[in-house]
Amino acid sequence: MRKLTALITALLAAVAGAVVATPASAGPAVCALYCDTRDPSLARQEAFPVPEVNLNGRRLVLHVSDTDRMAWGSIDNGVPGDSVWLDRSWTDGSTWDGLLGRASIPATWTGTRTLMYNVADPAAHRRGMVRACGDAGGVTCTAWVYVKVCDAVCDGVDAATAVGDSQPVPGTTISNRRIDLHLDNRGLAWATLGSGTAGDEVWLDRSWDEGASWPGGSSLGRISVPAGASSVRTTMVNTRDPRSLLYGGAVRACGRATGGAGGSCTAWARPAADRPAAAADALAHAYRTDTAWWPSSWWNSAVAVTALGDWSARTGRTDYRWLIDRTYELNKGVMPAGQKSTDTIEGNFISRAIDDTGWWALAWVQAYDVTRDAKFLNMAVTIANYMHSYWDGACGGGIWWNRERTYKNAVTIGLYIRLTAALHNRLPGDTLWLGRATAGWNWFAASGMINASGLVNDGITGGCANNGQTVWTYNQGLAIGGAVELWRATGNASLLAAARQLADAAMNSTVLTRSGVLTESCDPANSCDDNQKQFKGIFMRYLMDLADASGVAAYRTYAQRQADAIWQSDRDSLNRIGQRWAGGTPNARDWRTQASGLGALLAATAGTSTPPTPPPSEAAWAPNVSYATGTVVTYAGARWQCRQPHLSQVGWEPPNVAALWARL
């Protein structure tokens, strides 16, 4: 079978005009965007970042596709028997995995190439370097590619060029010398040694796995105190390597006193430009690039994607848009039960859990907003149609929680209202989704799930009454978000008033807000399960939306209080955020609590991503004027673009206008 595989590979390569060899030895494949041993004919890019080498008249070349994060080697002008392979180092180049994809030039040919191998292993938090090597009457290699990490700048720049200077962790001392870690606001770090003598040394360690190991990252910028001086500083290094899809790297400062064998280091820390960026980097660190999700929670991964989409929309940065797209592409198909959900994923993010499916729809609406790629909006429509198929007349309407139709609850109807209103606001000329959104809100408002305190209980009984179950923050948040989005579609002031009542109730409630901090009912006992860990961030997402839409300062003030509590009481030196925003021990901490905390930090920021007012009435435009698609008008300082041709009429009120005009 091995010979047959090699023969087929060679024949396919011959058709393509090149030779691609089967790897000489099998080993654990590294998978990032693709897995090792990918055919170079599929490369989306080809670059030559290091000089080619003349090996006894043969051309030895290292090829790299940064788009694919992969490399391959080739040898040309050779004779049969000459060979080429890749070496890959996970350290500083002093050790490596060799002979990767070794290929020999076959009879009658003059060249060959290896298959492609990953330069890095982001799933395992390993940064790599690759070189091409050849054997043609002697062995030689190209230079290693990407020895330095580059982000805003490359490793090794002078600390005098730092943008900002903070010290995130306490310094350390050894023999009265002081060693400090410094960060600038671009994610760069440097170390200083003070009160020393000539010969004292200081350096940085860099880890891509939160300080568990630091191969290739030891003794970076190591420098000695010069004669006649008492202090010294290293050059700066990065803690993000976008080329390798490595985010959230950690650093520490270390030093050694002259004449001593021992040393001392500070704690590990993660640099970041600001609070939301710090949380986003730590969230991206937990993402599995190879499998395109955050193990091992299905709907929670949708909310994490949404949080990073919110970060992108709020900041204008594009760092993680690749992650959003990858999550979509690798998860849109069919997956068996147990692979990523306890349920079978039937394609298009659909499963028997109607609420799980809805979270993915909202993620793709947000993805559409930040990328304008229609595939995301189309997927959201597909999911919304699936959800709508579970609307029926039981209890007068509403969406069932699951395919078995056992429960109608707040989360599912909340998702449905937000989604259907959002689709109306993004689909020119729509009336279908607006009708469904309006029906959904009217049913919810009359369902009794909003109790006398203005808080949302979990669902209704078989007898169609409020079941009195737990008031969860995410149900409250979805109700706010649905009302705001429907107000945006219709201009109906009562909807914005309802959203404000729900928000005010949560902020003033001793159930959801304790000592000024948003608190889940399971927080005090630290007993929140993996689902509940993410609820508060969902509430904050929609409070942020309400703050933007209403302009009411109290909502941003509340959000700022949450952000301050998180930053001061619920964050470690690696910017990891826990479940209990007021702090305390024990305190669960994982990527779900991280995504939730990111939602709170974003809510405290001023944003322009959401229109502050609904579309004005047609009376605001010139009456009896024909508008063509694409026409841009200005109203109340905002610019609006015509979605479809129409003749303006005095008194033409929403929802018509929402379908005809889009805010720029």
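Structure notes:
- The accessible area of Asp504, taken with all protein chains in place and a 1.4 Å probe, comes to roughly 50 Å².
- For the range 326-437, accessible area per residue (1.4 Å probe, heavy atoms of protein chains only), Å²: 33
- Contour excess over end-to-end distance, with Cα ends at Thr258 and Asp504 and 0.36 nm allotted per residue: 82.4 nm
- Projecting the alpha carbon convex hull of the range 224-298 along each direction and taking the average yields 8.1 nm².
- Whole-number D in µm² s⁻¹ for the range 492-564, Kirkwood Cα-pair radius fed into Stokes-Einstein, 10 °C, 1.306 mPa s: 122
- Exposure of Phe376 as accessible area (Å², to 10), given a probe of 1.4 Å and all protein chains: 0
- For the range 124-240: rounded, prolate or oblate by the Cα gyration tensor [a/c cutoff 1.5]: prolate
- In order along the range 557-562, the phi-based Karplus estimate (6.51 cos²θ - 1.76 cosθ + 1.60, θ = phi - 60°) of 3J(HN,Hα) comes to 4, 4, 4, 5, 5, 5 Hz; Gly and Pro are listed as x.
- Unpaired Cys in the chain, meaning no second Cys C-beta under 4.7 Å: Cys642.
- Spread over its residues, the convex hull of the C-alpha atoms of the range 447-533 is 115 Å³ per residue.
- The range 141-188: translational diffusion in µm²/s, Stokes-Einstein, Kirkwood Rh over Cα pairs, 20 °C, 1.002 mPa s: 162
- Surface composition of the chain: carbon and sulfur atoms hold 52% of the protein heavy-atom accessible area at a 1.4 Å probe.
- 3J(HN,Hα) couplings calculated from phi for the range 480-493 with the Karplus curve 6.51 cos²θ - 1.76 cosθ + 1.60 (θ = phi - 60°) are, in sequence order, 4, x, x, 5, 5, 5, 6, 4, 4, 7, 10, x, 6, 4 Hz; Gly and Pro show x.
- Length gained on full extension, Thr344 to Thr631: 98.7 nm, using 0.36 nm per residue less the C-alpha separation.
- Calculated [θ] (222 nm, deg cm²/dmol) that DSSP helices of n ≥ 4 give over the chain, each run adding -39,500 (n - 2.57): -10000 deg cm²/dmol
- Gain on full stretching of the segment that runs from Glu46 to Ala662 - 0.36 nm per residue minus C-alpha separation: 217.7 nm
- Take the range 176-254 with all the other protein chains still there, run a 1.4 Å probe, and you get 32 Å² of accessible area per residue.
- A run of the chain free of exposed loop cleavage sites, with GluC sites (Glu not before Pro) counted only in DSSP states other than H, G, I, E and B and at most 13 other beta carbons within 10 Å, reaches its longest extent at 47-403.
- Under the Karplus curve 6.51 cos²θ - 1.76 cosθ + 1.60, θ = phi - 60°, whole-Hz ³J(HN,Hα) for the range 51-67, x wherever Gly or Pro sits: x, 6, 10, 8, 10, 6, x, 8, 9, 9, 10, 9, 10, 9, 10, 5, 4
- Computed with every protein chain present, the accessible area of Val139 is close to 100 Å² [probe 1.4 Å].
- Projecting label points 7 angstrom from Cα along Cα→Cβ for Arg352 and Ala497 puts them 4.4 nm apart.
- Global form of the range 410-486, assessed from the alpha-carbon gyration tensor, a/c cut-off 1.5: prolate
- Span per principal axis, largest first, for the Cα atoms of the range 320-375 (Å): 31, 19, 16
The values are calculated or read from the model by the stated rules, or taken from the named source; none is laboratory data. What you see is a predicted model; the values in this text were computed from it and never measured. Quick reminder, even Gly has a Cβ in these numbers, built from the backbone with ideal geometry, and neighbours come from all protein chains shown. Accessible surface is based on the protein model in full, side chains and every heavy atom, while ligands, DNA and RNA are left aside. Shrake-Rupley method; radii C 1.70, N 1.55, O 1.52, S 1.80 Å.
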